[in-house]
Each structure stands twice: as C-alpha cells, then as structure tokens.
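**Q** I'd like to ask you about the structure that follows.
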Amino acid sequence: MTEIQLHKLDRGLRWFFSAFLLVLSIGVSVGLVYVCTTTEINPQGTVERYAGSDTDEFDIPEKYPKSLEAMLLTTHTHIISFAVIFVLLGALFHFNSMVTGKWKTVIMIEPLIATLVTFGSIWGIRHYHPSFAYLTILSGTLMYLSFYLMTAILLYDLIIKDW
C-alpha cells in the first residue's frame, strides 16, 4: 500500500486533499487563537483557565475553577476531535514522499500521544498542582507543531512537488 504517493495522484484528488487541509488548518488555527485568548499562552493564564484565579478570602475571583462537567466536556470533545484530525492527517501523511522510515512513524504518532498528555495534564492543573501547566504548554506546543509540520509537508507534496 506504500506504492501510493500523494504527488502522483490525479490532479483533482490532489486539489481536493489540499482544500481539505486548508479548511482543517483554518479550523485548528481558530482553536489555537481561542487557546491564546483564554490562557494568554503562559503558565499563570493556563492555571487560571482550569483551576481559577487566586483570591483573598473576600475577593470575587476573576475566573472560577472549571466544574467537573466542564472538565469532562472539554476533555471528551477535544480528545475525540483531535484523534479524528490526527488519524485523517496521519493517513494522508503515510503516503507523503518526503518523510520516510522511523521519522514518518514518529511524526504520525506523536500528536496522538501529545493529545492525551495535554488534556490529561489539565486535570493535573485543576486537581493536583499548578506546575502541570508547564506540561500542558509543552505537550500542546508539540501537538500543534506536529499538525502544522504534517500539513506543510502534505501541501508541498500535493501542490508544489512535480508542478
């Protein structure tokens, strides 16, 4: 099944996959902007997002800790969504002609692991210790970098290679 190479596919199919990747990238990028807006992309903002704001006894917190229901909903929807995204992306990536061997496998599997670590670590922030924010940021960064790396390689293979 590895005889298939994306750059050798029918032109219409290459454009279809390219359009899919561009639309998917827009959706993922909007989600990333949302993360940046709600966490300020720093450990303290990430902690406040899930564990709530630190306040004195008589102050009203700016952000409340996420409820169990909110945590379950966030975890459930994101793990399923990212699993589907990375299975589709990984299936296409398998047929790229640029990255081969062990690196191809690592790049395909890494975002799935990072998804579990990212959304598992938000539970750590909420229920155990604020330092889990560093793990959330690291694994989330790796997850998004994997997404954009695979997408860039796929778009190059589909649109530019053999043009």
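**Q** Working carefully through the options Val106, Val87, Val117, find the one that is of a type in the set (Val, Ile, Thr) and under 28 Å from Trp15 (Cβ atoms).
**A** Val87
**Q** If you take the residues of segment 126-143 that are within 29 Å of Asn96 (Cα to Cα) and in contact with a helix residue (DSSP H, G or I) (Cβ under 6 Å, 6 or more places away or on another chain), which of them is surrounded by the fewest Cβ atoms within 10 Å (Cβ to Cβ)?
**A** By that ranking, first place goes to Leu142.
**Q** Using the structure shown, decide if Leu145 is more than 27 Å from Leu9 (Cβ to Cβ), part of a helix (DSSP H, G or I) and without any contact (Cβ under 8 Å) to a residue 12 or more places away in the chain.
**A** no
**Q** Kindly evaluate Ser67 against the criterion of being surrounded by fewer than 14 Cβ atoms within 10 Å (Cβ to Cβ), of a type in the set (S, T, N, Q) and within 21 Å of the chain's Cα centre (by Cα).
**A** no
**Q** Could I ask something else about it? In segment 144-158, which residue that is among the hydrophobic types (A, V, I, L, M, F, W, C) and under 12 Å from the mean Cα position of the chain (by Cα) is surrounded by the most Cβ atoms within 10 Å (Cβ to Cβ)?
**A** Met150
**Q** While we're on this one: Pairs only if they're at least six apart or on different chains, beta carbon under 6 angstrom, first in segment 80-92 and more than 12 Å from Ala114 (Cβ to Cβ), second of a type outside the set (Lys, Arg); list them, first residue then second.
**A** Leu89/Met150; Gly90/Met108; Leu92/Leu154
**Q** Give just the number: which of (1) at pLDDT 95 or above; (2) more than 30 Å from Thr100 (Cβ to Cβ) does Phe58 not satisfy?
**A** (1)
**Q** State all residues of segment 72-125 that are of a type in the set (Phe, Trp, Tyr) and loosely packed, with under 14 Cβ neighbours inside 10 Å; if no residue qualifies, say none.
**A** Trp103
**Q** Determine whether Thr2 is of a type in the set (Ser, Thr, Tyr), more than 19 Å from Ile159 (Cβ to Cβ), outside any loop (DSSP other than H, G, I, E, B) and modelled with pLDDT under 95.
**A** no
**Q** Here is a list of conditions, (1) touching a residue at least 40 places away in the same chain (Cβ under 8 Å); (2) out of contact with any helix residue (DSSP H, G or I) (no Cβ under 8 Å at 6 or more places or on another chain); (3) outside any helix (DSSP H, G or I), and Trp163 meets all of them except one; can you say which number that is?
**A** Every condition holds for Trp163 apart from (1).
**Q** Taking only pairs six or more apart or across chains, which ones have beta-carbon atoms under 8 Å, a first residue in segment 17-37 that is β-branched (Val, Ile, Thr), and a second residue that is surrounded by 12 or more Cβ atoms within 10 Å (Cβ to Cβ)?
**A** Partner pairs satisfying both residue conditions: Val28/Ile85; Val28/Tyr144; Val28/Phe147; Val35/Ile41; Val35/Gly140.
The values are calculated or read from the model by the stated rules, or taken from the named source; none is laboratory data. Predicted, not measured: the structure shown is a model, and the values here were computed from it. When we count neighbours, we look across all protein chains shown, and the Cβ atoms used for this are built from the backbone with ideal geometry, even at glycine.
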